[in-house]
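Note sheet for the following structure.
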Amino acid sequence: MRNIEFLDTSLRDGEQTPGVNFSINEKIMIAKQLEKWGISAIEAGFPAASPDSFTAVQEIAKILTKTAVTGLARAVKSDIDACYEALKDAKKPQIHVFIATSPVHMKYKLQKTPDEVIAAIKEHVTYARERFDIVEFSPEDATRTEKSFLLKAVQTAVDAGASYINIPDTVGFTTPTEYYETFKFLIENITSDREIIFSPHCHDDLGMATANTLAAIKGGAGRVEGTVNGIGERAGNVALEEVAVALEIRKDYYQANSEIVLNETFATSELVSRFSGISVPKNKAVIGGNAFAHESGIHQDGVLKNPETYEIITPELVGVKTNSLPLGKLSGRHAFVDKLSGLGFDDITNEALQALFAKFKVLADKKHEVTDADIRALVAGTTIEN
Ligand code: KIV
Ligand code: ZN
């Protein structure tokens, strides 16, 4: 089994979510929870971006002991200097230097030739390595970069001292098979006498961020980057909780695991949702409100007999107390009796049960969900109208 490291960028890429602006205190509380969750490195911010971004990285660097703290820098010396200053007190400092390598970014955004970009990589990764033991390099928009140029950019960064190579799918453009092949190609062709760790960094524009990240792991990646709840630019980054739980549930397939403390997942998700103001959709994988809810009679009957019939993840695994069997028009007698018993109505005769179940079905046809109060009213012989 390979161990996959997790880098969380909720405080940097996640904060690029439109409308999200964490206070320094909120960032510190999130960073502490990420450490508890077992994250191996936190991208705490972009120190050159603003005084508050700088202070947040500096404060987080002072606090974390187990988790490495990294800051983002463009291939610009003043950005690297800002990271160096902000991370002076970190127990485990790292730096993340990036520059775009795709034709559209080089031509229109950077207005640099490919040769100038290669020179900038060499100069700035070298400059960063003189100040940090651990340097990560990202060729931004890697998945729209021509493969031989991507290899050249990555080899240049490795030769200049980078030990982590991140391959960003900046605009969520790639597909699982293509991304898998990109990782295989780079890992097979890079030359170095040091260990080089590759990581996926996926955005979810086409809804493939989790699948792409897992494909990169299959292709040899040793670290993954993403955010809690998938917050981030546009459609967001990959949701790290999905990757962590998928690895756990399918570890035999991926032949990999992680040090994520899975039963801290729900608490981590809730904290980030509260501070970001971005609520988690009910049907979101792993941590959505309905992730452990079963409504149809056939499913409820199966789950009551053995939860494994319809649950591949136990609620306890991710720190959720219990599953639920919400009552609706598709629910069956088994779940209805279970609910009655849970509410303390154990001594109902068969005949009364028959009649109650019939009334329940009539009510359920009119409501999205039949509540505990509705059931109590049914038993008491009254009906709540809504
Ligand atoms: O998506 C992206 O390309 C990024 C880089 C800065 C790594 O966030
Ligand atoms: Zn990104």
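Bear in mind these aren't lab numbers, they're just calculated from the coordinates by the rules spelled out. Note that this is a predicted model, so its numbers are computed, not measured. We place every Cβ from the backbone using ideal geometry, glycine too, and count neighbours over all the protein chains shown.
In this simple spin-label approximation, ASP347 and ASN3 carry label points 7 Å from Cα along the Cα→Cβ vector, and these lie 5.9 nm apart. Here the spin labels are modelled as points 7 Å beyond Cα on the Cα-Cβ line, and at LYS361 and ARG250 they lie 4.0 nm apart. Bridgeable lysines around LYS361 (alpha carbons under 27 Å apart, same-chain partners fewer than 8 residues away excluded): LYS282, LYS305, LYS329, LYS339.
Across region 202-216, computed HN-Hα scalar couplings (Karplus, 6.51 cos²θ - 1.76 cosθ + 1.60, θ = phi - 60°) run 10, 9, 9, 4, 9, x, 10, 4, 5, 4, 5, 4, 5, 5, 5 Hz from first to last residue, x flagging Gly and Pro.
Hey, quick one: spin label on LYS66, modelled 7 Å out along Cα-Cβ, who in region 21-37 has an amide N within reach, i.e. under 19 Å? Correct set: 28-37.
Here each label is just a point 7 Å from Cα along the line to Cβ, and for GLU308 and MET29 those points are 4.0 nm apart.
Sequence-ordered 3J(HN,Hα) estimates for region 223-237 from the Karplus curve with 6.51, -1.76 and 1.60 and θ = phi - 60° stand at 9, 10, 10, x, 10, 6, 6, x, 5, x, 3, 6, 7, x, 9 Hz, glycine and proline given as x.
The trypsin sites (Lys or Arg not before Pro) of region 277-386 that meet both conditions, a loop assignment by DSSP and at most 11 other Cβ atoms within 10 Å of the site Cβ, are LYS282, LYS321. Spherically averaged projected area of the convex hull of Cα atoms, the chain: 21.5 nm². Here's how it looks for ALA75: its modeled amide H is under 5 Å from those of PHE98, which are all 5 or more places away or on a different chain. Note on region 168-293: Rg/Rh from Cα positions, Kirkwood definition for Rh, rounded to two decimals, is 0.99. Under 10 Å, Cα contacts only: if you run a Gaussian network model on the chain, which one of ASP115, ASP89, ASP205 comes out with the highest mean-square fluctuation? Evaluated over the chain, the most mobile residue of the options is ASP115.
For the chain, modelled as a GNM whose springs connect Cα atoms under 10 angstrom apart, the maximal fluctuation among GLU242, GLU146, GLU35 occurs at GLU146. Each helix, a run of at least 4 DSSP H residues, gives -39500 (n - 2.57); summed and divided by the residues of the chain, these come to -13000 deg cm²/dmol at 222 nm.
Relative to the present Cα-Cα distance, how much length would full extension add between VAL261 and SER192 at 0.36 nm per residue of separation?
On the way: separation 69, 0.36 × 69 = 24.84 nm, distance 3.29 nm.
Extra length from VAL261 to SER192 when fully extended: 21.5 nm.
For region 216-289, the mean projected area of the C-alpha convex hull, equal to one quarter of the hull surface, is 5.4 nm². Plugging the Kirkwood radius over Cα pairs into Stokes-Einstein for region 122-199, at a temperature of 37 °C and a viscosity of 0.692 mPa s, what D comes out in µm²/s? In µm²/s, the coefficient is 258.
Each residue of region 136-143 is assigned a 3J(HN,Hα), and the resulting list reads 9, 10, 10, x, 4, 6, 4, 6 Hz, derived from the Karplus form 6.51 cos²θ - 1.76 cosθ + 1.60 (θ = phi - 60°), x at Gly and Pro. When you filter the GluC sites (Glu not before Pro) in region 280-386 for DSSP loop state and at most 16 other Cβ atoms inside 10 Å of their Cβ, you are left with GLU369, GLU385. Here, P(r) means the percent of Cα pairs in each 10 Å bin from 0 to the largest distance; for region 326-386 it is 23, 65, 12.
Considering only PHE292, PHE266, LEU247, and ranking their Cα positions along the charge dipole of region 245-293 that arises from unit charges at the beta-carbon of Lys, Arg, Asp and Glu, the one farthest toward the positive end is PHE292. Of the trypsin sites (Lys or Arg not before Pro) found in region 183-270, the ones in coil according to DSSP and having at most 10 other Cβ atoms within 10 Å of their Cβ are ARG194.
Kirkwood Rh over alpha-carbon pairs of region 276-378, then Stokes-Einstein at 25 °C and 0.890 mPa s: what D in µm² s⁻¹, rounded to an integer?
Working: Rh = 14.8 Å.
Answer from the Stokes-Einstein relation: 166 µm²/s.
Beta bridges per DSSP, both residues in the chain: antiparallel share near 5 percent. Within straight-line reach of LYS147, meaning a Cα separation under 25 Å, sit the following lysines at least 8 residues removed in sequence or on another chain: LYS107, LYS109, LYS112, LYS122, LYS184, LYS218.
Around the amide H of GLY45, modelled in the peptide plane, lie the amide H atoms of LEU72, all under 5 Å away and 5 or more residues distant in sequence or on another chain. Axis of helix 350-366 versus longest Cα principal axis of the chain: the two differ by about 50°, to the nearest ten degrees. In this structure the amide hydrogen of GLY38, modeled in the peptide plane, comes within under 5 Å of the amide hydrogens of VAL261, none closer than 5 places in sequence on its chain.
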